[in-house]
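Worksheet for the structure shown next.
The values are calculated or read from the model by the stated rules, or taken from the named source; none is laboratory data. Please read these numbers as outputs of a predicted model, since none were measured by experiment. All Cβ positions, even for glycine, are placed from backbone atoms using ideal geometry, and neighbour counts span all protein chains on display.
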Amino acid sequence: MANIGDAFRHSFHYLLFPFVCLSLFLYFLLSHFHLDQWRKRSDKKWNHLLVVSAHPDDESMFFAPSILHFRRKKKNISILCLSTGNYYHLGSQRKLELVNSCNILGIPEKNVKIIDDSCFADDPSRIWNEELVARTILQHIGNINPDVVLTFDQFGITGHNNHISVYSGCRKILQEGRVPNGVTFMTLETTSLLRKYISFLDIPLSITLASNFYIAPLADVICAQRAMVLHWTQLTWYRTLYIIFSRYMLINTVTVLQPPVAENVLR
Ligand SMILES: [Zn+2]
């Protein structure tokens, strides 16, 4: 037993403790001195971010570090939420929660568009029609003229079919060459379950593996947590733990969505 105890103490002193210190150091260095964009070039020219989500609460649960980065840069931010989140028949309340959450995140109500359509039912077993998703997104892009669209990647962070459907709609837009001029599509990276719940300890790996990332300073993390709490119909015990431990409350690693290689070759 003494040997196991010694081994644990040894690991803590020589591995875990230095790693926690390194992660904390990198967090404060990159977020508080706003060095979280040292590899990025393109986002300097972007003036209007459109976040396309599937449900009210996605914006604060997953996209808050990116949203708050654009807010800090005094850029325009809009939300297109493709459903009212009516799975438990709370759609009308959840719409209000989204508006209130966006208000905390610095997004005015006029920039929040919520689609209330049975084609986009909030249901983890439902895969939404790709073409309908693509058309809805394109129509909204035509109305508000963003220059960057941020949405889920092919794994949808949680694997929820509605999240993945939003990605599929965006991929279809790129595959079919329907991207409006001057618009860039970006996706939010899904990480493994372990990385998802280690908060700032994921920073060393995130900045090593990802080329684009947004790291929220402490004030922004608190802002994201306040926004999430406003989705009070969703505040189960496991979401409370999520707010405390999820890396997505302070780190977003994003990828520019490219048209399929085959299409590039044909062009
Ligand atoms: Zn969702």
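Specify the residue that is farthest from residue 151 (Cα to Cα); the eligible residues are those in the range 183-212 that are hydroxyl-bearing (Ser, Thr, Tyr) and not in a helix (DSSP H, G or I).
At the first step, the residues of the range 183-212 found to be hydroxyl-bearing (Ser, Thr, Tyr) are 184, 187, 190-192, 197, 199, 206, 208, 211.
Okay, now just the ones that are also not in a helix (DSSP H, G or I), so 184, 187, 190-192, 197, 211.
Numbers: 184: 11, 187: 5, 190: 11, 191: 15, 192: 18, 197: 21, 211: 17 Å.
Top of the filtered list is 197.
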_Looking for something of a type in the set (S, T, N, Q), closer than 16 Å to residue 50 by Cβ, more than 14 Å from the chain's Cα centre (by Cα) and crowded, with 18+ Cβ neighbours inside 10 Å - is there at least one such residue anywhere in the range 91-102?_
no
- Looking at residue 142, is it more than 16 Å from the ligand (Cβ to nearest atom) and either outside any loop (DSSP other than H, G, I, E, B) or in contact with a Gly (Cβ under 9 Å, 6 or more places away or on another chain) (or both)? yes
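Take residue 34 and decide whether it is surrounded by 10 or more Cβ atoms within 10 Å (Cβ to Cβ) and at pLDDT below 80. It would help to see each step written out before you state the result.
Details: surrounded by 10 or more Cβ atoms within 10 Å (Cβ to Cβ): yes; at pLDDT below 80: yes.
So residue 34 fits the description; yes.
Just give me the residues in the range 46-102 being part of a strand (DSSP E or B) and within 14 Å of the ligand (Cβ to nearest atom), in sequence order.
Residues of the range 46-102 that are part of a strand (DSSP E or B), as a first pass: 48-53, 76-81.
Those that are part of a strand (DSSP E or B) and within 14 Å of the ligand (Cβ to nearest atom): 51, 52, 53, 79, 80, 81.
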Inspect the range 109-124 for any residue being touching a strand residue (DSSP E or B) at 6+ places or on another chain (Cβ under 9 Å), within 30 Å of residue 205 (Cα to Cα) and within 14 Å of the ligand (Cβ to nearest atom) and give the result as yes or no.
no
In the range 154-182, anything assigned to a loop (DSSP other than H, G, I, E, B) and in contact with a His (Cβ under 9 Å, 6 or more places away or on another chain) is listed as 155, 160
